[in-house]
Amino acid sequence: MMLDKLDLSKISHIRVTQVPFVQLIRSRSPQLNRIALTTACIAGIVATPAFAQITLDWVTVGNAGNSDDPTTGFGAVAYEYRIGKYEITNTQYAAFLNAAAVSDPNNLYDTRMGSAPEGGIVRSGSSGSFTYSVKPNMGNKPVIFVSWLDAARMSNWLTNGQGSGSTESGTYTFNGISSISAITRDLSNPNQVFIPTENEWYKAAYHHPAGQGGDTDGYWLYATQSNAAPVIATATGVGDVANPGPSTVNHRNGADWNGLNGNVTTVGSAGNTSFYGASDMNGNVFEWNETLVDGPERGLRGGSWDDNLASLRASFRDEDVPMYQDDDVGFRLAAPALQSTPEPCSIADLTTDGTNPGDTLYGVPDGRITVADLTFFVEAWLEGCP
């Protein structure tokens, strides 16, 4: 069996988990050593990106094809998708700025992020050599003073692989600093990132099928899996919610810390989640959505740390121009659902050998690559993917 017979162009991705490469390279078979070394090189390239990578936590929003909320007309989504478990944080946005805003021609940084006590990011240096750092105790707080345009450009950057990826095309095609000419979604591409539509956002926040324990019409009034008014959050001295619980929401200026009467709090620390597992879809910050509401104005939902109870309700809908930025506005992102069943030859799982019950080439990983794994993979690949 010759390694030269392998056409690596037919494999879109190789999944490797906890690979004991030393054991592989010490094999007595020279050809298996060559395979092991090639696999090690591929894994090493994948594991060593040129730029620090942002990791987003996602939750999957299932129940595709659900109906609208009969009281508001929102929430129907025909497909499964993912949405951020948390709002984008200062740490994540600062990493984006350090990669994409060294000169900042697109005004991704608002100086109030540094000057306002609620803001969490400080800029240093001059145009062409700007650097960005996070204020103490603010890294895990939601980024604020961000526009819809900022969220769209971060979506493009993530879609394009982060690092030196473009901010001007991808999901959103920009034709100027403050305008776009197209939105291109590809739900078959799990690497694409986008701002959720109003229906996607609404479903992730308020939907809960009646047959799975939800309200009779399949929607809650609040994003806490409840129709009862949420508890007002309070805060510790470092901005964590001090009274977490399933109904606790940061609103009505209850989270006093950092010398302020009300402030943003650590994402997820309130303890509330929607049915699908997304945190803080009520309170903390208003969140942008993709939908045009009135002329050029884009949607905002969820309420914020300084807003009243009414702003949290499913019936409350807000909007503003895409350039709008304020101390109670942030965003979370969304992405297509992961494909649960890989196509033959598209994903090579080298962590099973097919000899145990339930093991197949695409089976349950055992966390190791052995000579048997490699042999099984190569033989099966050559037979099934000529």
Extension gain (nm, one decimal) between VAL102 and ASN191, 0.36 nm per residue minus Cα-Cα
29.6 nm
Give me, ordered by chain and number, the residues 5 or more places off ASP306 or on other chains with an amide H under 5 Å from its own placed amide H.
ARG252, ASN253
Restricting attention to the alpha-carbon atoms of segment 225-334, what are Rg (one decimal) and Dmax (integer), both in Å?
13.6, 42
Segment 209-251, convex hull of Cα, quarter of hull surface, nm² -> 3.3
Any idea what the relative contact order of segment 69-197 is, in percent, if you count C-alpha pairs under 8 Å spaced at least 6 apart?
20
About its Cα centre, segment 48-118 carries a charge dipole, from +1 on Lys and Arg Cβ atoms and -1 on Asp and Glu Cβ atoms, whose size in debye to the nearest 20 is 180
Report D for segment 157-240 in µm² per second (integer): Stokes-Einstein, Kirkwood Rh on Cα pairs, 37 °C, 0.692 mPa s.
200
Keeping all protein chains in place and using 1.4 angstrom, which order do ASP68, ASP328, ASP307 fall into by accessible surface area, from largest down?
ASP68, ASP307, ASP328
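By accessible area of protein heavy atoms, probe 1.4 Å, what ranking do TYR206, TYR276 get, highest first?
So, going from the largest accessible area down, we get TYR276, TYR206.
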Förster radius 25 Å - calculated FRET efficiency between THR131 and GLN53 (Cβ-Cβ, nearest 0.05)
0.85
Which translational diffusion coefficient, to the nearest whole µm²/s, is obtained for segment 84-137 from the Stokes-Einstein equation, given a Kirkwood hydrodynamic radius over C-alpha pairs, 10 °C and 1.306 mPa s?
140
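Determine the order of PHE275, PHE96 by accessible area, beginning with the largest, at a probe radius of 1.4 Å.
Details: PHE275 60, PHE96 0 Å².
Highest to lowest solvent-accessible surface, that is PHE275, PHE96.
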Let me see the P(r) profile for segment 146-201: every Cα-Cα distance counted, bins of 10 Å, each bin given as a percent of all pairs.
26, 57, 17, 0
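The values are calculated or read from the model by the stated rules, or taken from the named source; none is laboratory data. Fair warning: this is a prediction, and the values are worked out from it, not measured in the lab. Glycine also receives a Cβ, built like all others from the backbone with ideal geometry; neighbour counts cover every protein chain displayed. Please note that ligands, DNA and RNA were not included when accessible areas were found on the heavy atoms of the full protein model with its side chains. Shrake-Rupley method; radii C 1.70, N 1.55, O 1.52, S 1.80 Å.
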